[in-house]
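Since the structure comes first, as structure tokens, the remarks are kept for the end.
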Amino acid sequence: MVDRKRLLIIGTAQQCHIREFLEQVDRDQTELQLLLPKRDRDAFEGEKAVFFSGTFHPLFPPLLKTILSFRPHEVIIVCGLSYDHDNVVRAVSFYENFYDLRIKTCVRNTLAPADQSLRPKPLKEIAKWAFLGSLALLLKASSLFKNIRVSEIYSSRLGHLAIDCELYLSEKELGRHDGYIDLFCFKDGQVANDTLGKLFAREMCIRKWHSYLLEAVRIFNLSPKHELLLNTRAKSFARDYECLIQQTETHISFSAEEVEQGRKELRALGLDPEKPHVCLLGRDSAFLQQTMPESDGDMQEPRNMDISTFRAGAEELLRLGYNVIRIGSIVQKPLEIDHSNFVDYACSGRQNDFMDIYLPASCIFFVGVQSGPMHVANAFRVPCLRVNVARLEIIEYCSPEDLALFKLIRAKSTGRILNISEIISAKISKWPIENFADSDYEVIDNTEDELLEAIQEMHLRTNGEWQATAKERELHSRYLSYLEVSELNSHFETPISPYFLRKHADELFNSKEG
């Protein structure tokens, strides 16, 4: 009798993707072992599974135990967006040096051989462990005198870089890190924006070599005492859950020379730097298609919008005397407005690392989707109009100076708009965005008139001229009555556009379901 193939599946994707892959496995020919995050402990009953938490490396205890006891013929890593897959591949590939082991990755049911360039060489790896062991001993010895912690900044994405660092500095200002010496490194040495990285490095001890200390901490199980988890790693969503930014002052700033550089580049864009400017940010599929073609960019479609729906609002801002700047990097199409005080910076050919930060940091207020540049505006305490938010509980509700608009949700099968109660009870209000792809629900973007009204209101709020009517206050109170404190929100200070609530009151507040 031929032995069945021993297959180890390491699941780092969402549960639905892991299940889809499991359905394809021939159980008669395959002996199966799962290695899953602890979050999935109750999701795969009846399967032979080992659960893990932490960062993969060749001596990662759950992996080592599984390799030695199960000795798989093949390992398939079912990849998602919430885990560091290169680390998983690198850790598992180490064991290819000792026996015949096939390793593949699976992204959305597409199998591919693991990247062989990630396979570590045994002697080099052992030498590294010896070096890291000495660092771990040194760190433990020094802790008798100083409480030292090491932390990794999720710096490859702009929004995470901004939120991780600014929230840490806010926590520090509030005394939460007193008594510690905290050392930082950028994840994999990658920085989404060098200017922003340098601004934070003025306030935090960020060094490349700290990554070796962090690796020593993780390999030798010192994380409970010596690793500090920043917001991105501690929360399922990168967000200011406790509204710490509203409790503290801005921690980073531009030097006088940098301010002058920003003013000079505004003039080069054809704008008067003495005029206040407003940033507009849309979102489309172009950025992920070009920079991450193998990602699930198509599943992020509910977060996107048509940039042309900003036109009426932008023209109103221009009439009011603002400079208006459409920001972004890789975009599908320009925002076509012919006015001397308007610049489509994203399509100008003058985009650069410094101005990507200076523009949102120095605007009078920010209008756009919740994405990386908006987190930069948050870090500099710039009021934000958040538009086209696909999931209403994902709105950042911390600041009363902000304003928000969410997308309506329609059931495809009936064509009916869901009311707020249905959206929240079905948990659509905080879904992972990928869930929309195979669901009965579709989102409806904010319309040009909704964006125009919200932009006009944002202008009035910023200038202290906004007065809500009794009806508008009543509608907003009704809206807030549906929201509860959760792992995503502890405060609900940001209002929803009253025009939007009035326009859709019959749909959003009706009690009919089904």
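Restricting attention to the stretch 89-127, which residues are in contact (Cβ under 8 Å) with a residue 40 or more places away in the chain, β-branched (Val, Ile, Thr) and in contact with a strand residue (DSSP E or B) (Cβ under 8 Å, 6 or more places away or on another chain)?
Of everything in the stretch 89-127, just one residue is in contact (Cβ under 8 Å) with a residue 40 or more places away in the chain, β-branched (Val, Ile, Thr) and in contact with a strand residue (DSSP E or B) (Cβ under 8 Å, 6 or more places away or on another chain), namely Val92.
Asp188: in contact with a strand residue (DSSP E or B) (Cβ under 7 Å, 6 or more places away or on another chain) and under 20 Å from Glu215 (Cβ atoms), yes or no?
no
Restricting to the stretch 149-192, give me the number of residues that are more than 17 Å from the chain's Cα centre (by Cα) and surrounded by 19 or more Cβ atoms within 10 Å (Cβ to Cβ).
Looking only at that region, the number is 8.
Identify all residues within the stretch 199-219 that are crowded, with 16+ Cβ neighbours inside 10 Å and closer than 26 Å to Ser362 by Cβ; write none if there are none.
Within the stretch 199-219, Leu199, Phe200, Ala201, Met204, Ile206 qualify.
Kindly establish whether His160 is part of a helix (DSSP H, G or I) and of a type outside the set (Lys, Arg).
Yes; evaluated as a whole, the condition is true for this residue.
Based on this model, can you work out whether Arg108 counts as touching a Lys or Arg at 6+ places or on another chain (Cβ under 8 Å) and of a type in the set (Lys, Arg)? It would help to see each step written out before you state the result.
Numbers: touching a Lys or Arg at 6+ places or on another chain (Cβ under 8 Å): no; of a type in the set (Lys, Arg): yes.
Spelling it out, it is not the case that Arg108 is touching a Lys or Arg at 6+ places or on another chain (Cβ under 8 Å) and of a type in the set (Lys, Arg).
Every residue, every condition in (1) assigned to a helix (DSSP H, G or I); (2) at pLDDT 95 or above; (3) in contact with a Lys or Arg (Cβ under 8 Å, 6 or more places away or on another chain), yes or no:
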position: Val331; (1), (2), (3): no, no, no
position: Asp338; (1), (2), (3): no, yes, no
position: Phe354; (1), (2), (3): yes, yes, no
position: Ile357; (1), (2), (3): yes, yes, no
position: Asn388; (1), (2), (3): no, yes, yes
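For Ile428, state whether it is within 28 Å of Ala13 (Cβ to Cβ) and crowded, with 16+ Cβ neighbours inside 10 Å.
yes
State whether the residues of the stretch 410-433 include one that is closer than 30 Å to Tyr322 by Cα, basic (Lys, Arg) and either at pLDDT 95 or above or in a helix (DSSP H, G or I) (or both).
The answer is no; no qualifying residue exists.
Does Glu315 count as among the acidic types (Asp, Glu), at pLDDT 95 or above and either under 20 Å from the mean Cα position of the chain (by Cα) or part of a loop (DSSP other than H, G, I, E, B) (or both)?
Judged against the criteria, Glu315 is not a match.
Does any residue of the stretch 313-325 turn out to be touching a helix residue (DSSP H, G or I) at 6+ places or on another chain (Cβ under 6 Å), under 17 Å from Gly270 (Cβ atoms) and buried (at least 24 other Cβ atoms within 10 Å of the Cβ)?
Yes, because at least one residue in the stretch 313-325 is touching a helix residue (DSSP H, G or I) at 6+ places or on another chain (Cβ under 6 Å), under 17 Å from Gly270 (Cβ atoms) and buried (at least 24 other Cβ atoms within 10 Å of the Cβ).
Kindly indicate whether Gln290 is closer than 19 Å to Tyr154 by Cβ, in a helix (DSSP H, G or I), at pLDDT below 90 and not acidic (Asp, Glu).
no
Answer yes or no as to whether Lys225 is surrounded by 16 or more Cβ atoms within 10 Å (Cβ to Cβ), assigned to a helix (DSSP H, G or I) and not assigned by TED's automatic domain parsing to the domain that holds Val485. Give the steps one after another, and end with the answer.
Working: surrounded by 16 or more Cβ atoms within 10 Å (Cβ to Cβ): no; assigned to a helix (DSSP H, G or I): yes; not assigned by TED's automatic domain parsing to the domain that holds Val485: yes.
No, not satisfied.
Just to be sure I understand, how many residues within the stretch 31-40 are out of contact with any Ser or Thr (no Cβ under 8 Å at 6 or more places or on another chain) and under 15 Å from Ile10 (Cβ atoms)?
5
Give the stretch 493-503 a look and list any residue that's surrounded by fewer than 17 Cβ atoms within 10 Å (Cβ to Cβ) and in contact with a Leu (Cβ under 8 Å, 6 or more places away or on another chain), or say none.
Listed by number, the list holds a single entry, Arg502.
Among the residues of the stretch 298-335 satisfying the criterion of being touching a strand residue (DSSP E or B) at 6+ places or on another chain (Cβ under 6 Å) and aliphatic (A, V, I, L, M), which is farthest from Arg283 (Cα to Cα)?
Step by step, filter the stretch 298-335, then rank; the result is Leu318.
Modelled with pLDDT of 95 or more, assigned to a loop (DSSP other than H, G, I, E, B) and surrounded by 17 or more Cβ atoms within 10 Å (Cβ to Cβ): does that describe Ile252?
yes
The values are calculated or read from the model by the stated rules, or taken from the named source; none is laboratory data. Just so it is clear, the model here is predicted, and its values are computed rather than measured. All Cβ positions, glycine included, derive from the backbone under ideal geometry; neighbour counts span all protein chains shown.
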